[in-house]
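Only the coordinates and a few stated rules stand behind these numbers; no lab work does. This is a predicted model, so every value here is computed, not measured. Here the Cβ positions follow ideal geometry from the backbone for every residue, glycine too, while neighbour counts run over all protein chains shown.
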Amino acid sequence: NSSKEWSWKELEQQPFNVCDVTSYSLHPEERTFLISTKKDTTEATFSFDTERHSSKLLGNWVLPFDGQGHFDQHLKAFVGLSKEPDTLGQIYCCDVPIYGTCEGQCPVPSMNLCKENLFISGDPRDKHVGATLVYMGGVSKFCLVQCVNKEVRDPGLSLPGSWMYR
């Protein structure tokens, strides 16, 4: 499709180490990425403006997602899977950070955790391996893709188990 433009540009050094990135999302204005990092006990969220090719520290807080958060037009907020071990399988909803405060940084946005655990399978022998929340287009339409290790349940077999995506 000739209406799509692709470009490549080498960027200057960013104010964070890419290995420390814990979560990210595309801002609803679609030109800025939000990138959260954590190293030891130091947390920070940055914005990266794709038109100006510049980064800015938004604050010493992180988006609550494991990996990518998605902007939901209906909720006017980001949604994503929780990255905390005690809330694994639950979805966070996070307000869009408010830019341009007089202090120069954004206050911590409001974050709400859904109570339902989406990873509960009913079989305690299933071992969670990984998951991703996929945006399916439209309004509030997502698909959860989860990988579990299904242990072999026949004592006569010596197989290591099988992987299942659901």
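Observations, loosely collected:
- Elements of type strands (runs of 3 or more DSSP E) contained in the stretch 77-146, each with 3 or more residues being within 16 Å of the chain's Cα centre (by Cα) and among the hydrophobic types (A, V, I, L, M, F, W, C): 77-81, 91-95, 127-135
- Within the stretch 47-64, being within 17 Å of the chain's Cα centre (by Cα) and hydroxyl-bearing (Ser, Thr, Tyr) holds for one residue alone: SER47.
- Filter result (under 19 Å from the mean Cα position of the chain (by Cα), surrounded by fewer than 16 Cβ atoms within 10 Å (Cβ to Cβ) and of a type in the set (Phe, Trp, Tyr)) within the stretch 1-46: PHE33
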